[in-house]
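Read-outs: derived from the displayed coordinates by stated rules, not from any lab. None of these values were measured; they are calculated from a predicted model. Cβ placement follows ideal geometry from the backbone for every residue including glycine, while neighbour counts extend to all protein chains displayed.
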Amino acid sequence: MNTLLLNPGEAEKAASILRSGGLVALPTETVYGLGASALKEDAVKRIFEVKGRPQDNPLIIHVAGPEALGEWCEEVPERAYTLADRFWPGPLTLVLRCRKTGEPHIPDRVTAGLDTVAVRCPDHPATLEVIRLAGVPVAAPSANLSGKPSTTTAIHCLHDLQGKVEAVLDGGPCRVGLESTILDLTVSPPRILRPGGVTLEQLRECLGEVELDRGLVQPGETPKAPGMKYRHYAPSAELTLVRCGDAETFRRFAESVPDEGTAVLCWLGEERDYPGKRVLAYGRGDEPETLAAHVFAALRELDTPDIRRILVRCPGEDGVGLAVVNRLKKAAGGKILCL
Ligand code: TXA
Ligand code: MG
């Protein structure tokens with residue numbers, strides 16, 4: 001299959017591919033998504049095949065605005081609209097009860113048979129236009145092969161998906177750089193199932209009490225979002241996540257590791273010369289948004305056969321730092337080295 005590279009002016013082309021059951025990688029403010037009409041079961045099935053995604057891992061549906069909540073969900077609480085008002089379009093996914101009756105409704109293939117559905121309204125003009133023109137909710141997981149770092153540019157999408165999907169819509173690099181926050185509104189208090197671009201602090205300010213899913217904080221607890229239980233975001237190299245107070249401690253540790261096959265992923269302003277090692281800065285330690293924006297691109301850049309181990313300087317968990325650490329921990333297979 002020849003994969004078309006579309007520009008943002010070609011939203012109608014992308015929409016018509018979706019309407020006719022094809023797959024299009026779409027830009028969002030978080031990461032690129034691999035979109036299909038959520039109402040076409042065969043197209044949704046193909047998403048799972050193309051990504052190599054386990055069938056028990058449900059997809060997020062992407063909608064053009066809060067009015068869609070009443071269409072695809074039921075028992076929608078008032079606070080869903082409060083949140084949509086404040087954070088949509090933007091990096092917040094709401095888990096709500098899924099409407100299972102009436103035609104059309106979201107098929108079980110999208111929700112993996114759960115009685116809930118995850119809904120979000122992405123903040124990217126081209127993709128919002130595609131959703132409106134297609135006239136259907138767009139089911140889209142991140143546009144990477146399962147297990148690999150998410151894609152934040154059209155080139156990264158092509159790297160994973162060329163020849164396997166009808167089109168990639170190039171909307172430029174993603175602003176946030178990691179996936180949306182998933183908030184479960186079917187429980188009280190609301191619970192974050194995956195930290196992301198909208199922070200715990202922002203949600204507490206808006207709603208009052210908000211909890212973190214136990215699977216995020218307690219090793220051994222099964223996360224409620226099915227996708228959070230898999231190893232993820234991982235380059236082929238072994239990743240060591242290093243938590244330490246200062247640049248000097250990190251440098252001494254990095255120097256103690258053999259040079260050959262080692263890459264060092266540090267913070268801007270703290271680059272040192274490590275002769276024989278590959279060095280890359282992924283953002284500023286005191287600005288977690290910059291780390292979020294570049295972490296996946298950095299992991300992809302270091303995913304080369306000559307690199308066997310990656311040492312990463314771990315940020316703090318304030319603000320969007322919580323999401324950055326969550327993704328790095330997953331990439332590291334759960335381990336953090338505290339120095
Ligand atoms: O920013 C994002 O959310 C991106 C862009 C493309 O929108 N999408 C994304 O999709 O990250 P994906 O499929 O890579 O991750 C979706 C996560 C998975 O962990 C999945 O298990 C969880 O959302 N999820 C989906 N539906 C759910 C539901 N009803 N209840 C709990 N978790 C759900
Ligand atoms: Mg993903």
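Just want the answer: with Cβ charges of +1 for Lys and Arg and -1 for Asp and Glu, which residue in Ala139, Val119, Pro149 is farthest toward the dipole's positive end in the stretch 108-150?
Most positive-ward Cα: Pro149.
Using label points projected 7 Å from each Cα along Cα→Cβ, tell me how many nm separate Asp286 and Ile336, to one decimal.
The modelled label-to-label distance comes out at 2.1 nm.
Would you list Leu178, Leu239, Leu23 from fewest to most Cβ contacts within 10 Å?
Details: Leu178 29, Leu239 22, Leu23 26.
Going from least to most buried by this count: Leu239, Leu23, Leu178.
What are the ³J(HN,Hα) couplings of the stretch 77-91, residue after residue, when phi is run through the Karplus curve with 6.51, -1.76, 1.60 and θ = phi - 60°? Round to Hz, x for glycine and proline.
x, 3, 5, 5, 6, 4, 5, 4, 4, 7, 10, 9, x, x, x
Dipole size in debye (nearest 20) for the stretch 238-338 around its Cα centre, Lys and Arg Cβ +1, Asp and Glu Cβ -1? Display every interim value, and only then the final one.
Details: 15 positive and 17 negative charges, 79 e Å.
Computed charge dipole of the stretch 238-338: roughly 380 debye.
For Val279, enumerate residues with amide H under 5 Å from its amide H, sequence gap 5+ or separate chain, H modeled in the peptide plane.
Hits under the 5 Å cutoff: Val264.
As a check on your grasp of the helix formula, calculate [θ] at 222 nm for the chain: sum -39500 (n - 2.57) over DSSP H runs of n ≥ 4, divide by the residue count, round to the nearest 500.
Working: 12 runs with 105 residues, N = 339.
Helix-only estimate at 222 nm: -8500 deg cm²/dmol.
Anything over 30 Å Cα to Cα? Flag those among Lys164/Lys335; Lys45/Lys148; Lys164/Lys330; Lys148/Lys224; Lys100/Lys229, in the order listed. Don't jump to the answer; show the numbers that get you there.
Working: Lys164/Lys335 34 Å; Lys45/Lys148 20 Å; Lys164/Lys330 27 Å; Lys148/Lys224 21 Å; Lys100/Lys229 26 Å.
Correct reply: Lys164/Lys335.
Select from Cys266, Ala331, Phe253 the residue farthest towards the positive end of the dipole of the stretch 238-338; place +1 on Cβ of Lys and Arg, -1 on Cβ of Asp and Glu, and compute about the Cα centre.
The residue sitting most towards the positive pole is Ala331.
Would you mind working out the magnitude of the charge dipole of the stretch 4-227 relative to its Cα centre, with +1 at each Lys and Arg C-beta and -1 at each Asp and Glu C-beta, to the nearest 20 Debye?
In total the dipole reaches around 460 debye.
Given the options Asp108, Asp184, Asp273, state which has the largest fluctuation in a GNM of the chain using a 10 Å cut-off (strictly under) for Cα springs.
Judging by the Gaussian network model, the answer is Asp273.
Looking at the square roots a ≥ b ≥ c of the eigenvalues of the Cα gyration tensor of the stretch 81-231, which shape do they give, rounded for a/c under 1.5, prolate if a/b is larger than b/c, or oblate? Don't skip to the answer; put the middle values down first.
Details: a/c = 1.44, a/b = 1.32, b/c = 1.09.
Because its axes are fairly even, with a/c under 1.5, the stretch 81-231 counts as rounded.
With all distinct Cα pairs included, what does the Kirkwood hydrodynamic radius of the chain come out to in Å, to one decimal, could you say? Please report the intermediate quantities before stating the final value.
On the way: mean 1/r = 0.0492 Å⁻¹.
Value: 20.3 Å, from the Cα pair sum.
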